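Throughout, read-outs are computed from the coordinates displayed, never taken from laboratory work. No experiment lies behind these values; they were computed from the predicted model shown. A quick note on method: Cβ atoms are made from the backbone with ideal geometry, for glycine too, and the neighbour counts reach across all protein chains shown.
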Amino acid sequence: MMLPEFDEIHVVSDLHMGGEGSFQILRETERLAAFISWVKEQRPSERVALILNGDIIDTLAEKGEDYIAIDTAEKIVTRIMEDPSFSSVWAALSDFVKTDGRFLVITLGNHDLELSYPVVQRIITQRLAGNHLESCARIEFSTMGAGYSCMVGNSRVFCTHGNEVDSWNYTRYEDLAKVARRLNVDRNLKSGEWEPNAGTMMVKDVMNDVKRKYPWIDLLKPEKNAAVGVLLALDPGQVKKIGRLLPIIGEKVEGNKEVDQRLSAEGYSVPPADKHITSSVYDLLGENLTQAVFHSDKNTAYSDDALLLEVENEFETGSAVTDHHDETLGVMSDTFDRLKALFSKLSKGELLRRSLQDWLKDDQTFTVDNQDETYKEIVSSVGIGVNFIVTGHTHLERAIEVDKNRFYFNCGTWIRLLRLTNEMLKSEASFKPVLEVFEKGTMEAIDKATFDKKPFVIDQNSAVCIGKHGNHVIGQLVHVEYTGNTVTPRVIQQFQR
């Protein structure tokens, strides 16, 4: 198989350029632009690639109610590139591709689906390379779900965003190709022809409303199951959106089946009939918040337990998620109305603390060798001939030796990362200072906050660097440090092949 060959590659992901004002979660744009310029200067006489490994822009943070931008995609992407908050990054990318021996690769994530459209690819290429044909030729888009493969020295590298194994956030690439075809032939997509995944529905239908008051919620990756409780703790009124919440859970169940099909050895196949996938209120709220809601009043413990069993049964039988117009919807709506009443027994702060405990449960956020689900699913789906596997998506950096010939990296994120600890969440008293910062509801308050003399927002921007060194290839997970206009990649973990 003939693959592109490089002497060195640098991979970053999850930049999330998009949104306006408090909806912007990328902070270190000056550092990112400087890092791109630093990569440009490496190995001046050799071939160097910069790979943007998904979620480079974030159209879900843009104004509008659509799950995917179609007719407005060109306008939205142009706005993001021209936004003063991000323009320095695009200027650095432009300088990069105009340099001999520098190559830019853009793969697709789940927040930037519009990058798959030919019209969007053309305006990005025009912005970065203008009419310089050699520079245009150094830009490559890999946006239809195949990931990106290349060679570095004698080692094969495979880069993919990672959402293809996430039942909340997988992409239906066949439908995405349909959108691109319609745009190319000047036809619109009919209503209902685009079915969003559960993560997209959660962001657009629920989370964006909460973000207007609590913009930091986006930093908690709230599409995770237990963190739904965080949303409800902050804004119990979200339970009124039962007509939206149930389809989200139903779509997540279908997402599990879709992921199973995509990763099967034969490609698309029907999941085993006996494979039973369930979702419940327990999954939604998490253990601590469920206990708080259903056991806060001993006099109603029995009826609350019975209610929980009833709800779980509805999810397990599929009636609550497979037919959104079923009479079960009325039952579930009543259930969540009762949940809202139960929420009133505890303060918002205590509900939030309990739900954050669930979000932090078994936390391995900063354990770089933790073999999380993304690692397990991706590695099991990649052939043994691939020596370096690089993902993103989870925002959690990873560096793992699969065996002596194969290595896995997750290149983390460039958005803000919050330092939440079990010590902060162990009691109402210990959580009070954190709650005060959260209730201010601004990114500025988050950025300025310190606990135990440490910044609340961790100074951590990650990249993966893989380069040829003599007869060996070395892969590194690095933190990009930036002091006095000088970029210094600090090596966190290194593997040599």
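Using alpha carbon centroids, what distance separates region 77-113 and region 428-472, in Å? Spelled out, the Cα-based centre of one part sits 25 Å from the other. Label sites at residue 366 and residue 458, each approximated as a point 7 angstrom past Cα along Cα to Cβ, lie 0.5 nm apart. Measuring r between the beta carbons of residue 373 and residue 494 and using R0 = 22 Å, the FRET efficiency lands at 0.35. Rounded to the nearest angstrom and listed largest first, the equivalent-ellipsoid semi-axes of region 418-497 from its Cα gyration tensor are 37, 15, 9.
Pairs of alpha carbons in region 387-442 separated by more than 19 Å make up 54% of all such pairs.
Spread over its residues, the convex hull of the C-alpha atoms of region 343-497 is 138 Å³ per residue. For the residue pairs 63/454; 204/376; 213/432, the alpha carbons lie more than 23 Å apart in 63/454; 204/376. Across the alpha-carbon atoms of region 1-133, the computed radius of gyration and Dmax are 14.8, 48 angstrom.
Near the amide H of residue 407, within less than 5 Å, lie the amide hydrogens of 388, 389, 402, all on another chain or at least 5 residues away, with H placed in the peptide plane.
Would you pull out the residues with amide H under 5 Å of residue 140's amide H, same chain only if 5 or more places away, H placed 1.01 Å from N? Under 5 Å from the amide H of residue 140 lie the amide H atoms of 104, 105, 106, each far enough along the sequence or on another chain. What FRET efficiency comes out for the pair residue 87/residue 187, r = Cβ-Cβ distance, R0 = 45 Å, nearest 0.05? So the FRET efficiency works out to roughly 0.85.
The Cα-based radius of gyration of region 423-464, divided by its Kirkwood radius, gives an Rg/Rh of 1.05. Estimated at 0.36 nm per residue, the fully extended path between residue 348 and residue 43 surpasses their Cα-Cα distance by 104.4 nm. Its convex hull of Cα atoms gives region 117-195 a direction-averaged projected area, equal to a quarter of the hull surface, of 7.5 nm². A simple spin-label model places the labels of residue 72 and residue 175 1.9 nm from each other, with each point 7 Å out along Cα-to-Cβ.
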